[in-house]
Every structure is written in C-alpha cells, then in structure tokens.
Amino acid sequence: MAYFPFFMDLSGKRGLVAGGGPVALRKIQKLLPYGPSLTVAAGRISPEIAAIPGLELLRENFSPALLEGRFFVIAATDSRTLNREIAALCAARGILVNAVDDRAACTFLFPALAKRGDLSVGISTGGASPSGAAWVRDQIEGILPERFGELLAFLDERRQAVKDALPDEGARSACLKELFAACLQAGRPLEEAEFLEILHRFSGRGCL
C-alpha cells in the first residue's frame, strides 16, 4: 500500500540521529531547512557533520536513554541490526522512526524533495525505487521558476490586504488566482503598483 504524504511542522521538534557517517549527513541536510532541534549521537562523528552549526553532538554510541523526549529518530548507524533495534524501541514508545535502507522497520520514509522557499514537493515510491523518485523530483525542479519561493513569500505578505479589501469569497479567490498568474508570468514578485492595479480591478473602488 502506498504511503500517505503527511506534511508536518518540524520547527523546534526534538530529533535524534543515531550515526555520524555519510548517510546520517544526508538525512541531516534534508531535515535542517525545516527547523528541527537535532541531536547526533555516534562514537565517531564525521567532520562534515561536526561543522554544521546548531547540532547537539554526543560522541557516544546509541543508548535507549537517548530516546527520552524525542519526536522522531533517524537510525543511521553502520549496523543494520542496531538500526532495527532502535526502530523497535521507537515503535514501542510511539516515536516516529526512519531506519536507513530498511523500509520494513520504518514508520516514515524520506521523500525525494523539490524545494523552493515555502514550497515543498515530496515524492515517494514507497521505497520501491529511490531512483524513480529522484527522477520525478528532477522533472519537477526543471519546471519550477527559479524565484518561485520569492513569489510565494510575496503572495503570503499580500494575502491579508486582499482579504481586507475583498470580503466576498469568490472575488477574493479570483483575485488571489490572478495575482499568482501575474507573478508567474513576470517571473518575479509584483511591484506595488502592479499589485494595486489588480486589487483595484476586483475591489471596484478607486483607491484603497
């Protein structure tokens, strides 16, 4: 059965990464843009991980006590047996866990991610083909405008002004749709005069 793509707020959530090698590094790099509070525990931690600011580094091997208070765990040690043990402990405690390269032991999977600002597109094949997921991600990234994140930030900033000016839900929805289309066509956030011109058109007022 396919995996349902939940999107959740990880900002400030306490996560544990058990392992300090290249696989752990890749997981950390995927997670960091979403703002979790990450602890890395391993007897040996790579220089690349150690150089990342904001991580709590514990130069010790995994122990069950490290699971206390964790929202999620990444089991990325170099031992498949230990990763499975960590996953079983997490499952018993109701902690979300990803055991690398062991789909059966996971309660969540890492998607292939296409990201532009607040836009996150996650692609998963349910573990059947990471290469297939990466191919789909590359196709999506190829059609996204380079400044798409800036467009989203602009639309988010102007959303309240549109709500205030257009109490009618239908007019408001149509205006937001046109603003998005105008940004997309311009390939950039609109200038203030361009924004107001569209808003005036839908508000039916001479000035706002």
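The values are calculated or read from the model by the stated rules, or taken from the named source; none is laboratory data. Owing to the predicted nature of the structure, the values given are computational and were not obtained by experimental measurement. Positions of Cβ are backbone-derived with ideal geometry, glycine not excepted, and every protein chain shown enters the neighbour counts. These accessible areas exclude ligands, DNA and RNA; they are computed on the full protein's heavy atoms, side chains included. Shrake-Rupley method; radii C 1.70, N 1.55, O 1.52, S 1.80 Å.
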Any lysines whose Cα falls less than 19 Å from that of Lys177, other than same-chain ones fewer than 8 residues away, would be Lys163
In whole angstrom, the spacing between the Cα centers of the range 85-164 and the range 57-77 equals 23 Å
Result for the chain: accessible area per residue, probe 1.4 angstrom, in square angstrom, of 58 Å²
Nearest 10, in degrees from 0 to 90: the angle of helix 22-31 to the longest Cα principal axis of the chain is 30 degrees
Across 10 Å bins beginning at 0, the whole-percent shares of Cα-Cα pair distances in the range 1-86 come to 17, 52, 28, 4
Phi angles of the range 84-99, converted by Karplus (6.51 cos²θ - 1.76 cosθ + 1.60, θ = phi - 60°) into ³J(HN,Hα) in whole Hz with x for Gly and Pro, give 5, 5, 4, 4, 5, 5, 5, 4, 5, 9, x, 9, 4, 9, 10, 9
Largest-first semi-axes in Å of the equivalent ellipsoid built from the Cα gyration tensor of the chain are 43, 18, 16
With R₀ set to 25 angstrom, the calculated FRET efficiency between the beta-carbons of Ser37 and Glu141, to the nearest 0.05, is 0.30
One finds, for Asp168 and Phe6 with R0 = 30 angstrom and r their Cβ-Cβ distance, a FRET efficiency to the nearest 0.05 of 0.35
Computed over the chain: longest principal axis from alpha-carbon atoms vs helix 148-165 long axis, angle to nearest 10 degrees, is 50 degrees
Cα extents of the range 88-208 along the principal axes, largest first, in whole Å, come to 64, 34, 20
Quick calc: nm separation of the 7 Å Cα→Cβ label points for Asp118 and Arg80 -> 4.3 nm
Taking 0.36 nm per residue of separation between Ala65 and His200 and subtracting their Cα-Cα distance, the length gained on full extension comes to 42.6 nm
